[in-house]
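Undergrad: Sharing a structure with you now.
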Protein chains: 2
Amino acid sequence: MRTALVIGTGLIGTSIALALSARGVTVHLRDHDPEQVRTAAALGAGTDEPAAGPVDLAVIAVPPAHISASLAEAQRQGAARGYLDVGSVKGGPRRELSSLGCDLTSYLGTHPMAGREQSGPLAATADLFEGRPWVLTPTPETDTEVLNLALELVALCRAVPVVMDADAHDRAVALVSHTPQLLSSLVAARLETADETAVRLCGQGIRDVTRIAASDPRMWIDILAANPGPVADVLSAVAGDLEETVRALRALESADEAKRGDGAAGIEDVLRRGNTGRARVPGKHGQAPTAYETVAVLISDRPGELARIFADAGQAGVNIEDVRIEHATGQQAGHVQLMVEPKAAVVLAEALRARGWAIRQ
Amino acid sequence: MRTALVIGTGLIGTSIALALSARGVTVHLRDHDPEQVRTAAALGAGTDEPAAGPVDLAVIAVPPAHISASLAEAQRQGAARGYLDVGSVKGGPRRELSSLGCDLTSYLGTHPMAGREQSGPLAATADLFEGRPWVLTPTPETDTEVLNLALELVALCRAVPVVMDADAHDRAVALVSHTPQLLSSLVAARLETADETAVRLCGQGIRDVTRIAASDPRMWIDILAANPGPVADVLSAVAGDLEETVRALRALESADEAKRGDGAAGIEDVLRRGNTGRARVPGKHGQAPTAYETVAVLISDRPGELARIFADAGQAGVNIEDVRIEHATGQQAGHVQLMVEPKAAVVLAEALRARGWAIRQ
């Protein structure tokens, strides 16, 4: 790939353009907002000059509602040899393109699984896609040359290509992304009217469960509006389990011991299925989830405490796989949880203890 | 307080005993399992010798099902001037004590909001309660001397006392602890039968939402069995919101534009209420949640990388408030997100850039 056209210079479009430009591809930028194009060009994402002839690959990175119109226009202009979009939903939009009479042999629907809280070209970065899955949804009518151009783009962005059927993709993101978002919001919504004293009792569990409830509603309305059916299907299944769970809890209130036994069995079933499902979530680097061991270290809130811990861990030759700062209430101290491979836990704990740290192992 | 009796030398009982012993209180240990008592005593938690006369305060730290029997027995023996328990549910157990004829003037129901994944005396640590809320549920009949002994114990454990009505406590933990646990399990349970390709698309959102779904089912069955009513009430409210959400998603599938508008409004309502509720979750040290800014640094997976980053941050005089390692799929690199006070973000980013780090700001 020597030339590309990026249509839509928001976070995703500009990040792709930055990655391609950094690897020697000539990138032309286009956006309905000339200011956004100038910003992206100033960041080194490419040029705002139009291409002299058709480019190798056009990337449609506009909001979901504008994808079909942008693709139809670009194809009418003969802007490129191949076209891909990066929308977060794939099945419905593809059917829409078909009904609009777009050429589907030169088009490939894709979805890079990356993003961040901020939007716009200023938030863009060439490494946004590094190591992330990038879903490609070819069909029998997709031109092989277009698929290979897309694979080259994914490689240049240092992402990991994953080939899927478009509708299977939509069901998958309904399950692993859209449903967790809505359930996080639903749990957080219960806190809206809670007593202040109750809110003070929040611990790390609810903090983790509700983290993504802080997401931007406008962005999520667009995403969910493009994938309502598959999300409703998963939520209905959750609602069925939830109803069973409420029934099991009510049985636990019963004076009848047999009923209480049934209730406990129902609750155990939910918790055990949760264990099994959670064990399937990939760990760091997409490998099979590893059960890391945790070494917890007591720290004060002074600058430099974390630096000293990590320096001491580094000197012990131990690789920290994940870190979590445990939040304490009402005082300036806390615990840092260092997650390491099981065989490294004892080494790390001893090394830190030898250097004067208070360890909870 | 000079003398204490800890009945039940598991994680919580032994941790309390360690904290009290460390601050000069003479602690007597008792457990139905003599092995556990010996372990706790060997760790320095106290003595397995019985006390010569009544101690100042007896701490009942046995599993929920045995609290009333343990308290009744200790009171019959005249073991202490005051008694408290540390069970995670308070209203129902209190009514049970009353019906058993226990003396409720010398008893105080309490709940330290602390714990960890492991259990048993070997997991115990004197600093388990540092900075954590410790709920006390006095009633008009509670002896003031007993309340003061409990406050002294909470202070010796360096926890933060929070006074609440017993039933209000149970509703609060149903909301902020028991409900998030079950919903995390319900989301994770959906992954049990998911396609392998779908599971590969899991990102940080679902990883956070389902983290506590890995919890021990046996412990949670005991907790939920003691608080089924309030948990069922909160879950029913969530189920109502969930039903509305499914209805809104189905409306978004409609061909009728007005219906789609209603659907979008319904989804927006859930997401915005989630924003509001999430904003109430206390941040680090129980202060009002601070909107930290994030400085993201690209790292390789070699030992010592984190140490170098934290050392460089420390030299810049910046206090890291929270850390998150962003997981990448399929390769040995990732991002570390450093969360800092907004005014420190630019300083940190510049300092790290000057030392050669690749920053995404």
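What follows is calculated from the coordinates using simple rules that are stated; it is not laboratory data. It should be emphasised that the depicted structure is a prediction, and the values quoted were computed from it without experimental measurement. Glycine gets a Cβ as well: all are built from the backbone with ideal geometry, and neighbour counts include every protein chain shown.
Undergrad: Running a GNM on chain B with Cα contacts under 10 Å, which residue among B:Ala194, B:Ala72, B:Ala155 ends up with the highest mean-square fluctuation?
TA: It is B:Ala194.
Undergrad: Report, to the nearest 10°, how far helix A:342-354 tilts away from the longest principal axis of the Cα atoms in chain A, using its own Cα long axis and a range of 0 to 90°.
TA: The angle comes out at about 60 degrees.
Undergrad: Gain in length, A:Asp233 to A:Asp216, computed as 0.36 nm per residue apart minus the alpha-carbon separation, to one decimal in nm?
TA: Details: separation 17, 0.36 × 17 = 6.12 nm, distance 2.32 nm.
Going from the current span to full extension adds 3.8 nm.
Undergrad: Which order do A:Tyr292, B:Tyr107 fall in if you start with the one that has the fewest other Cβ atoms within 10 Å?
TA: Result, fewest neighbours first: A:Tyr292, B:Tyr107.
Undergrad: OK, next. For the protein assembly as shown, how many pairs of lysine residues have a Cα-Cα distance under 27 Å, where the two are 8 or more positions apart or belong to different chains? Walk me through the numbers on the way to the answer.
TA: Details: A:Lys90/A:Lys284; A:Lys90/B:Lys259; A:Lys259/B:Lys90; A:Lys284/A:Lys343; A:Lys284/B:Lys284; B:Lys90/B:Lys284; B:Lys284/B:Lys343.
Taking the protein assembly as shown as the scope, the lysine pair count is 7.
Undergrad: Sticking with this structure for a sec: Can you tell me what share of the DSSP beta bridges in the protein assembly as shown is antiparallel? A percent to the nearest 5 is fine.
TA: Numbers: 36 of 82 bridges.
Here the antiparallel bridges make up roughly 45 percent for the protein assembly as shown.
Undergrad: Quick check for me: using +1 on Lys/Arg Cβ and -1 on Asp/Glu Cβ, what's the dipole size of the stretch B:171-279 about its Cα centre, in debye to the nearest 20? Could the numbers behind the result be given before it?
TA: On the way: 13 positive and 16 negative charges, 65 e Å.
Computed about the Cα centre, the dipole is about 320 debye.
Undergrad: Same structure again: Rg(Cα) of the stretch A:202-300 divided by 2.2 N^0.38 Å?
TA: Numbers: Rg = 18.7 Å, N = 99, 2.2 N^0.38 = 12.6 Å.
That works out to 1.49 for the stretch A:202-300.
Undergrad: What is the magnitude of the charge dipole of chain B about its Cα centre, with +1 placed on the Cβ of each Lys and Arg, -1 on the Cβ of each Asp and Glu, and no other charges, expressed in debye to the nearest 20? Provide the component values of the computation, followed by the final result.
TA: On the way: 34 positive and 45 negative charges, 159 e Å.
So the magnitude is around 760 debye.
Undergrad: Any idea what % of Cα-Cα pairs in chain B are farther than 35 Å?
TA: Of all Cα-Cα pairs in chain B, 42 percent lie more than 35 Å apart.
Undergrad: Which residue fluctuates the most in chain B, going by a Gaussian network model with Cα springs under 10 Å, if the choices are B:Ala344, B:Ala19, B:Ala79?
TA: B:Ala344
Undergrad: Kirkwood hydrodynamic radius of the stretch A:25-101 from all distinct Cα pairs, in Å? Let's see the in-between values first.
TA: Numbers: mean 1/r = 0.0748 Å⁻¹.
Mean inverse Cα-Cα distance, inverted, gives 13.4 Å.
Undergrad: Let me know the mean shielding of A:229-239 by other chains, meaning the per-residue number of their Cβ atoms within 10 Å of its Cβ.
TA: Values: counts 4, 1, 5, 9, 2, 5, 6, 5, 3, 8, 7.
Mean partner shielding for this stretch: 5.
Undergrad: Ok, one more. Note the angle between two axes, namely the Cα long axis of helix B:11-22 and the longest principal axis of the Cα atoms of chain B, as a number of degrees from 0 to 90, rounded to the nearest 10.
TA: 70
Undergrad: Which angle from 0 to 90°, rounded to the nearest 10, does the C-alpha axis of helix A:228-252 make with the longest principal axis of chain A?
TA: Around 10 degrees separate the two axes.
Undergrad: Is there a quick way to get the dipole size of the stretch A:3-164? I mean about its Cα centre, with the Cβ of Lys and Arg at +1 and of Asp and Glu at -1; what is the value in debye to the nearest 20?
TA: Here the size comes out at about 240 debye.
Undergrad: Follow-up. Have a look at A:Leu147, A:Thr193, A:Ala354 and report the one farthest towards the positive end of the charge dipole of chain A, computed about the Cα centre with Cβ charges (Lys/Arg +1, Asp/Glu -1).
TA: Positive-end residue among those listed: A:Ala354.
Undergrad: Shielding by partners for A:159-172, please: the mean number of other protein chain Cβ atoms within 10 Å of each residue's Cβ.
TA: Numbers: counts 4, 5, 1, 5, 1, 5, 1, 0, 0, 3, 3, 0, 3, 8.
Taking the mean over all residues of the peptide, I get 3.
Undergrad: Oh, and also: I'd like the FRET efficiency for A:Ala155 and A:Thr197, computed as 1/(1 + (r/R0)^6) with the beta carbon distance as r and R0 of 56 Å, rounded to 0.05. List each step's numbers first, then the result.
TA: On the way: r = 54 Å, r/R0 = 0.97.
The computed FRET efficiency comes out at 0.55.
Undergrad: When a footprinting reagent is the concern and you count Cβ atoms within 10 Å, what order do B:Leu153, B:Leu306 take, fewest first? It would help to have the intermediate numbers written out before the result.
TA: Details: B:Leu153 28, B:Leu306 25.
Fewest-to-most ranking of B:Leu153, B:Leu306: B:Leu306, B:Leu153.
Undergrad: Could you work out, residue by residue across B:292-299, how many beta carbons of other chains sit within 10 Å of that residue's beta carbon, and then give the average as an integer?
TA: Details: counts 0, 0, 3, 0, 3, 0, 3, 0.
Going residue by residue through B:292-299 and averaging, the value is 1.
Undergrad: I need the phi-derived Karplus couplings for the stretch A:210-227: 6.51 cos²θ - 1.76 cosθ + 1.60, θ = phi - 60°, integer Hz, Gly and Pro marked x.
TA: 9, 3, 6, 5, 7, 5, 6, x, 4, 4, 6, 4, 4, 5, 5, 5, 8, 9
Undergrad: Running a GNM on chain B with Cα contacts under 10 Å, which residue among B:Asp312, B:Asp31, B:Asp85 ends up with the highest mean-square fluctuation?
TA: Result for chain B, Cα springs under 10 Å: B:Asp312 fluctuates most.
Undergrad: Any chance you could get the radius of gyration and Dmax over the Cα atoms of the stretch B:3-164, in Å?
TA: Rg and Dmax of the stretch B:3-164, Cα atoms, are 14.1, 40 Å.
Undergrad: Let's test this: bin the Cα-Cα distances of the protein assembly as shown at 20 Å from zero up to the farthest pair and state each bin's percent.
TA: Each 20 Å bin holds this share of Cα pairs: 16, 46, 29, 8, 1.
Undergrad: Along the principal axes of its C-alpha atoms, what lengths does the stretch A:220-272 span, in descending order and rounded to whole Å?
TA: Reported extents, whole Å, longest axis first: 49, 19, 14.
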